[in-house]
Every structure is written in C-alpha cells, then in structure tokens.
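Enquirer: Quick one: structure below, then a few questions.
Derivation of every value follows stated rules applied to the coordinates shown; laboratory data play no part. These numbers were taken from a predicted model, which means no experiment stands behind them. Note that each Cβ is placed from the backbone with ideal geometry, even for glycine, and that neighbours are counted across all protein chains shown.
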Amino acid sequence: MRTDAPAKVRGRVEYGMDLEAPGMLWGALVPAPVAHGRIVAIDASVARGMAGVRAVVTGADLDRLLPKGGGDPERRLLPTEEVTYRHQPVAVIAADSRAVARAAAAAVRVATEALPSVDDIEEVFPDWPGAEGPGSPQVVAHVHALHGDLDAAFASAELVVSQTFRTSGVAQVALEPHACLASVEDGSYRIRTSTQAPFAVRSDTAEILGLAESRVVVEGSWVGGGFGGKASSLVEPYALVLAIASGRPVKLALTYREEFLLGRSTLPAVVRIDSSLLKGTITGRRVRLLLDAGAMLPGRDFATGYAIGFLAGPYRIEAVELEGYAVRTHKPPFGAHRAPFAAQCAFVAESHMDAIARRAGIDPFDLRLAHAWREGDTTPLGQRVGPFGLREALERAHRQREAWRADGHGSGGIGVACGFWSTGTGAGGEAIVEFARDGLHIIEGEREIGSGSVIRGLVAVVERVTGLPPAAVRVDYRDTRSAPFDSGVFGSRTVGALGQAVEKAVRKGMGTLAARAKVPEVRLAFDGGELWVVTRGHKRSLTSLLTPAERALGHLAIGGRHYGRSGTLEESRVREGEFYAYTDFTASVVLAQAAVDRETGAVRPERVAEFLDVGVALDPEMVRTQMEGGIAMGLGTALTEETLWTSAGRLANPGLLDYRIPTLGDIPPIETVIVEGFPGAGPFGAKGVGEPPIIPVPAAIANAVLDATGAQVTELPLTPERVARALKLL
Amino acid sequence: MTGGEGTGNAALALTVNGRRRRIRAPDAERLLDTLRWRLGLKGTKEGCRSGGCGACTVLVDGRSTLSCLTLTHEVAGATVTTVEGIGRDPVGRRVQAAFARENAVQCGYCTPGFVVALTGLLRERGPKLPPERLLEDLGGNLCRCTGYAAIRRATEAVCREVG
C-alpha cells in the first residue's frame, strides 16, 4: 500500500490550495481584455480605493518594486506596451479576502487598442504544405531533418498514401488549480507551492523577477495532479511580487476558469503525412507539422523537433523527411501535458499505418511487425535503437486480438496502435540518503505528485538495492535551500534518473560502512524498528559505525548524483533546428474494441488492453495504476477533450461542464500487461512508466472505428459529429 | 482571511463532525469556504467551485452535497460530515480503508469527495444496492489520475464487505 494513502483518505495532506499563513492576503489577476492589442491605459484607481485592497501592481510598478526593475525582458511579468493573448495578466491585486481581490481585479479598467490577432494556424498559411515552407514572422521555430533518397522512394512506389490530420488542444484538468503562498522573510523570498519541480520554480521566478537565485526559497506542497502543467512556474512570480508590494504573505490560486485559460494546455496542430509503399514495404515517408505554439512555446525548436520525432513512428523506413513549424498565435502559452504531444503524433502516425494497411490489403499487425524497430536498428535521425519491447508487445496484442475475436464479448471493431517513448534520464538530479537508527531517509525537494514515482518508486529502488522492507525507508521533503538539486517530477524520469542518484547514494553509504567495519561488504537489516548493519553474518548497531559527530547528528548522510546523457543523433541528417535524442526506447501497444452508433456517430469503447514495455517493473501494482490512469486520459483525448478556440483568442469551453473529461461510467474494462526483458536507462533496467501508457490510446480507438465502419476520422477528438461526417451521415 | 462572499455577518449554528459550531458568516458565503477557511477543515477540497468535479462533496444531514454550490446560511442548523469526520462511521472507515488498500488514491485531491460521496450513498441507499448503480451515482466525481479502475475495485470491495 502507498504510504501516503492513509493520510489522503482522511483529508490530512496539505496541498497548494490549502496553504495559509498568519496575516495572509489573497491575490487576483487582472486579465487582458483582447487577444492582441496595444495597452493604452490601465486605470486601477477604483480598485486601489476599495476597502481591503492592500496592493495593486501593474507593469509600470515593477521598476519600483524589484531590485533590478525586473529580470529577463523577454519574460517580463506584466506587459506595459502590448498584450499577446486574451486573459494575459496585466496587473495583480492583493486584498484581505479572495472576494475583495476578485472584485478589485474586475474594477480595473484596461484600455487597449486592438491589433489583428492570429487565431488559426491554417489561416496564416492557406497554401501549406506547398513546396516552399511558410515564411512569416509568425513562425517561431523551424526544424528539418532528412535521411535517404526520398524522391527515388516515391518515384518507384507502387502505392502512395497521402493524408492530412488535425488534432485539438487538450487541457490539463489537474483537479487542484495552480496555487501558492509567497512571502518575504528576513530578506529571503519564500514560496510554498504545488509544483512538480521546486528548483525550476526557483530559477524561473528568480529569472523573471531579476532576483538572486540564492534568495528565492521554494518548498513544494502536496500536489493535486501535475501532468506537466505544474512543471514550471505560473502563479509564483505574481504572488511574490504582491508579497513584495504588500509586505504580507500572499496566497494566489487560479480559479478553475483561469486554469483553462492560463493553465498551459496543449494547442492544435495540422500534420501532412505521405508514405510510399513497394512490395509491402514502406520505402519513404515525409512528415510536415504545423504546430500552434500560442503566445509562447517553451524551448521552441526543441518542442517542435521533439514532437516530430514521434511522427515517423517506431518503424524501419529507408527514406524519411521530417519538417516542422511552430507558429505563434494569440492564444495562451503552450504547455506540456502527459507525454506532450506524443499521443497526438501517434494518432496521426498510427492512423496512417492503418490507412496504408487497408489500401495495401495487409493486416495492420503484419504491417507493423514487418517494420517495427529491433534492437540495433537506426532511427531516422541516426540513433541506434537499444533494447525495445515493441515486437514482443505487438505479438502479445495480436494473440489478444485473436482471443477477443473468438470470445464474442464485444460487438465493435478492434484497433491496434503502437507508441514509443524514452525515459527522461537526460535531466539530472541528486539525492541525499541518511543512514539513521530508524532507517534510511531519502532527502528530496519534490513532493510525491500522485504517480507514486517518489513515494513508491524511489523507495522500491532502495528496497531492491538493500533488501530492506518498505517500513525501513522514508522520504523526507525539504525546501530548495536544504534539498539536493533535482530537475523535477516530469518526463517519466523520477525513478529513472533520481532513482539512480538514490541507488548510488545507498551503495556508497554501504561501502562507507563496510570500510569502517573493515569488511569487504555489509548487508543492512531492519529489526525492532531499527536499522542494523550485518558484517560477516554478525549483526551490529549502526551507531557503532558512526563517528562522534554523526552520532550527535543522528545519521550518516551520503550524496549520490545522476547526470545522464541522451543518445546521439547523426548530425548529417539534421538540416535545421533541434531534435530530441532518446535515452532509451519504451514501447506501448494498445488494443481497443469500440462500437460505433451508425445514426449518431457516437463511439463507445468496449474494452482496452495495453502491453507496456517497462524494462523491469520495480512495483508492478504502481505500473498498473499508471497504465490505467494513462488509458483513461487517452480515452478523453480520443473522444471528448477539445479546447474550443473561436475568434480573437476566445475559449468557448473554459469549464468542466463544457470541456468533458472521462467520468467513471465512460471507462470500459481495462487489461494491463507488463512486458519485461528489454532493459532501459533506469535503475535495474527500469523504464519510465508515467507517460507511455497514454500514447497509443487515441490511435487505437480511431483504428477500432475504422475497423468497425471502414471510415477513418482524421481529426481528434472523435466526436459524434466528426464520426458522422466520416460515415457520410452529415 | 476567508474567501467569503456577500455582505452581512449573521450568526448561525452547524453540527460539524459531531461538534456544535456557532459561527458568523456573510450571506453569500459558500459552505466550502466556511468549512475550509472558517473552521479549518481543509480536507474538503476546492476544485472547480462550480459543481463540475465533486471534490468538495460533504454530507449534509446524511445526504451527499456539493459544498461549493451550497450557501452556509442555507444549511443553518444542519449536521455536516466532512472527510475528517467520515471515519467515525463504520461504513466510512471501510470506504477509507478500501481506497487506501486498492490504490484508488494517487494525487489524492479527488479522494475526500469520493470517500464522502460513496459513504453517503451506501448509508442512504443501503448495502443491497448493486455496485453498478453506486458507480453510476459516482459519475459526478471526477478523477484525473486513476482512470477510475482502482476506484471501481475499491467500491466493489466495500459493497462485498458491507453487503
């Protein structure tokens, strides 16, 4: 059982939303009234005069409030000249109560002169994809890679399949809105916040406000859902500016509406994908991506190149060209959401595979198995594929399909889809492990965010290294002033990267104890609630091996670090921009059965099975719960979830009643199968499991619809209207 | 200090988790804010604040109620049970144990709402209710982490235990 569960079922853990301090004020954001415009005037006189209002800060006040007048001008907190998305905060307010803060924010008059807004990426480039790439100041990133003789492949093809796919934006919908508490204490800037990455919040906040990083102290609270939306700063710099202006602690929490408007959703994309086929073999593929970056795309080139890698698919193809453009629009900044954009890419690439299979008269499994990467193959960007369980997962899924066909339980079509991913061990981190009388303490800056990667994953690594029971190991959370550095809980990296730092610290600590005991090696034991050191079969107290200083301190503290490297790309294949090099290769295969209502176009999933290559499952039950969660989220992406951007940066459905995520009754029976034996980059060969489960789900559902109806829907999500159009009912 | 809304500051009494509480609150204050910020019972979670997620579910006179859509003055005199008090009820305790045991808890933000709602349903409708009906009635509680599979297992386990 998870050690955080007993407190959580009693409502006894403190999330960012729950934070409170004596004398605390509440903050509120003043939104830009247009998607794109020149700021003429911000009149806050009414708000300033309201009873209970303690601070009003506009962009013009930052020079006065911040030591250097602010930080990086590119990331200016509050604009003074131009707003670039609707609801962009243009002023912030702190007041005695949340209601007063909100009322005061509503009383601020923001006068703007509207400028033309860019809403739709396809309207910007009506002729795309033409021979020439779009040239426009709106293009913020361009990546291009090429390998092989593409022209020859297409010229000699027996069959060419050309398709265009569209995907919609997906909102985070962590149930807890972004929330933090900021204060100024003894010259330090203190932030307690619901975050996946305390050190990223620290560096972001220092950079945006122009503060010394060493003065900014971030402490993570418990997190009510992350999924990528809480992997960088959002509310924290605003709250801190208000704390500086008011001299009081300030709580700032987004409303759920703001969560939709500002909370880092993904945005729409259009993909053109063409493949050439000769004698049942895919000989060439050209992929062109137009990605809506909103007002800002974090790591512009990187995010685009990273996404496009997934569009080639985990397949051997002789000639491949990948080209992507990120386009700035007047929507809020783009965000990362569980396996950012990979589920959308897999929807495109795997729908395309089924289209090829259908046109060529090949079984979808046979086409995939004939092309699936094996260990030792080379990716289109020239990277060597490591141990990869895709074929094994596909073979098992194939047997499952035969079993489903035979058992007659479902009435719908059956679709398969593949996904691949990589454990984010390229992002580094450090751990301190304390060897104390009451057990081992993992000292950590990041709270468990829900996946179990910290509270179970790191503990499971220690269990496997030492043989100790879980009761002998605990995680102690510290703020960024006393915790060792770590990149954060994201990218399916926690066990893979931080787990290696923990493993090294534990092994080093055991080595230290062995040296002190003058034996080649020691074992650890846990008995009577106490940690013992076993040397040559002889059990001795930990205390007997500690120095007087360590005895006074109560423990021996040992550090471990892991700064990993990603794989290498073949530079000759990269023509422009930055692409992602994988650290390892994780495969996920989803089999889905779904029935289609021939009158309404409604799709009803009947059952889902997923086959996940995890390297080694350090805790199979935790892997299973990640798979179940990822599948359900993927069903939302597949069927209902869509941010509806209308004109001039307006979002038509910023709430849970209009933006529908799956509910209990929407989830069909789920079967999860763990595939082991293909070691990854993590401890003991573990691969990250937080993100891969979602990736093939939308594609598998779309392929089930294709199997059921013969009609392919080329746009996510598969709403009844889109399915009905594909069925020519509309 | 509170997130309270409205004007006035009239007195009222509530019985919360077995304890009689006398408070003053503005006329438009939501029960959610009274519980969290006036009484310090922050186990009841604030999610969407508009009835769309179920995270704020409490029992009012035994009935499952969204505290974000309930004005405190509207339920003056009532008996309120939150997640902090649900464990005094033997059914509530079983629900909590099953959610923990079955790993129906990940980030835990929806958990108090689920635990309270399921306890209320089992209390209100009796243990003979088929689990499928219970699960249908939990459709107003959202979870973004678990995919509901473990929540389903926990619910079925509780039904077996109390049935």
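Enquirer: Between A:A525 and A:A106, what is 0.36 nm times their sequence separation minus the Cα-Cα distance? Round to one decimal in nm.
Expert: Stretched out fully, the A:A525 to A:A106 stretch lengthens by 144.7 nm.
Enquirer: Could you tell me the center-to-center distance, by alpha carbons, between segment A:163-183 and segment A:485-523 in angstrom?
Expert: Going from one Cα centre to the other spans 35 Å.
Enquirer: On full extension of the chain, what length is gained from A:A557 through A:R507, given 0.36 nm per residue of separation minus the C-alpha to C-alpha distance?
Expert: 16.8 nm
Enquirer: Another one. Points 7 angstrom from Cα along the Cβ direction at A:R64 and B:R22: gap in nanometres?
Expert: The two pseudo-label positions are separated by 4.6 nm.
Enquirer: Follow-up question, since we're still on this one. Can you pull the one-decimal nm distance between simple spin-label points at A:H538 and A:S156, each 7 Å off the Cα toward Cβ?
Expert: 7.5
Enquirer: Give a quick list of GluC sites (Glu not before Pro) in segment A:364-441 that DSSP marks as loop, anything other than H, G, I, E or B, with at most 10 other Cβ atoms within 10 Å.
Expert: Here no GluC sites (Glu not before Pro) fit, given the DSSP loop and packing criteria.
Enquirer: I want the local charge near A:V118. Using Cβ-Cβ distances under 15 Å, sum +1 for each Lys or Arg and -1 for each Asp or Glu among the other residues.
Expert: -2
Enquirer: Mean separation of Cα pairs under 8 Å and 6+ residues apart, divided by the residue count of segment B:10-81: what relative contact order is that in percent?
Expert: Relative contact order here is 39 percent.
Enquirer: Quick one: A:D658, B:D33, fewest Cβ neighbours within 10 Å first, how do they rank?
Expert: A:D658, B:D33
Enquirer: Next question, about the same structure. Which trypsin sites (Lys or Arg not before Pro) in segment A:199-230 sit in a loop by DSSP (not H, G, I, E or B) and have at most 11 other Cβ atoms within 10 Å of their own Cβ?
Expert: Hits after loop and neighbour filter: nothing returned.
Enquirer: How high is the relative contact order of chain A, in percent, counting Cα pairs under 8 Å that sit 6 or more residues apart?
Expert: 16
Enquirer: Counting Lys and Arg as +1 and Asp and Glu as -1, what is the net charge of the other residues whose Cβ lies under 12 Å from the Cβ of A:P720?
Expert: So the surrounding residues net to +1.
Enquirer: Indicate, rounded to the nearest 5 percent, the antiparallel portion of the DSSP beta bridges found entirely in chain A.
Expert: 75
Enquirer: Between A:T281 and A:R384, what is the FRET efficiency for a Förster distance of 30 Å, r being their Cβ-Cβ separation, to the nearest 0.05?
Expert: Efficiency for this residue pair is about 0.90.
Enquirer: When only Cα pairs under 8 Å and 6 or more residues apart are kept, what is the percent relative contact order across chain B?
Expert: 22
Enquirer: Less than 9 Å Cβ to Cβ from B:R30, Lys/Arg counted +1 and Asp/Glu -1: what total charge do the surrounding residues give?
Expert: Its environment carries a net charge of -2.
Enquirer: Next question. Can you give the mean number of other chain Cβ atoms that lie within 10 Å of the Cβ atoms in peptide A:629-635?
Expert: Partner-chain Cβ atoms within 10 Å, mean over residues of A:629-635: 4.
Enquirer: Moving on. Whole Å is fine, so just give me how far the alpha carbon centre of segment A:531-592 lies from that of segment A:92-124.
Expert: Computed from Cα coordinates, the inter-centre distance equals 45 Å.
Enquirer: Ok, one more. Quick one: check the C-alpha center-to-center distance for segment B:92-138 versus segment A:216-251, whole angstrom.
Expert: Result: 33 Å between the Cα centres.
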